[in-house]
Amino acid sequence: MSVNVLIVEDDEPISNLIKLNLNMVGYECTQVFSGSDVFPLIKKKSFDLIILDIMLPGEDGFSLIKKISPLNIPVIFLTAKNTINDKVLALKSGGDDYIVKPFESIELIARIEAVLRRYSKNSTYLTIKDIIIQEKERVVIKNNTPINLTLKKFELLLMLTKNKNIALSRDYLLEKIWGYEYIGETRTVDTHIQKIRSKLDLFDILKTVYKIGYRLEV
């Protein structure tokens, strides 16, 4: 299974060098060159690790880490600053490691491997609009704010998100979420869907499919 790395570095030659070296050891890389581009991308794509420069146009690394930390994605700070205070601040702010420019590529790769080894790689998350769903932790975050959902509502939201743009019947959802032996009506699904729509403001994309069920259009 490939490891997806997001490289956030405004110096294009350095970013390209990092990508080249990580590609050589089998990592998949995505590059952005401004801090303001990070969170919109994270909402669309899953990453196993982020290499984050501190001094960035748009939004700096310390500001970004506050938004990234709730997502449970490991972050290695990349910076030209080399004082003890800078290192302490980087680690206390939520970074998993800290590497100073200039650096040897072999050192960066070793640090990435070390972080991934000690980090829970089983944590996965999905995104829809401004909503982040952390599957393992059973957490839903909207606009950086945790949203409380009951277990069935969470499982229903997760099922629809994993099958986005596919119409799922009420009977199928009852079977998968409530179980084969559930004695109830498909109106149970309707009630839960309405509450999910209301709580997460999904009226525009959580569609009713006539005489079938529901589809999350993304």
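Before moving on, here are some points about what is shown:
- Taken residue by residue, the stretch 186-200 has at least one member that is touching a residue at least 40 places away in the same chain (Cβ under 8 Å) and either in a loop (DSSP other than H, G, I, E, B) or out of contact with any helix residue (DSSP H, G or I) (no Cβ under 7 Å at 6 or more places or on another chain) (or both).
- Consider the stretch 16-46 and keep the residues that are farther than 13 Å from I132 by Cα and in contact (Cβ under 8 Å) with a residue 40 or more places away in the chain. The one that is nearest to the chain's Cα centre (by Cα) is Y27.
- In the stretch 201-213 there is no residue that is touching a residue at least 12 places away in the same chain (Cβ under 8 Å), in contact with a helix residue (DSSP H, G or I) (Cβ under 9 Å, 6 or more places away or on another chain), assigned to a helix (DSSP H, G or I) and not β-branched (V, I, T).
- Scope the stretch 161-181; condition open to solvent by 40 Å² or more (accessible area, probe 1.4 Å) and assigned to a helix (DSSP H, G or I); matching residues: K162, R170, D171, Y172, E175, K176, W178
- Residue count for the stretch 70-111, restricted to those that are outside any loop (DSSP other than H, G, I, E, B) and at pLDDT 80 or above: 18
- Number of the condition not met by T30 [criteria: (1) assigned to a helix (DSSP H, G or I); (2) among the hydroxyl-bearing types (S, T, Y); (3) under 16 Å from P74 (Cα atoms)]: (1)
- Summed over the stretch 1-13, residues that are under 10 Å from I51 (Cβ atoms) and not acidic (D, E) total 4.
The values are calculated or read from the model by the stated rules, or taken from the named source; none is laboratory data. None of these values were measured; they are calculated from a predicted model. As a convention, Cβ positions derive from the backbone with ideal geometry for all residues, glycine included, and neighbour counts pool all protein chains shown. All accessible areas refer to the heavy atoms of the entire protein, side chains included, with ligands and DNA or RNA removed. Shrake-Rupley method; radii C 1.70, N 1.55, O 1.52, S 1.80 Å.
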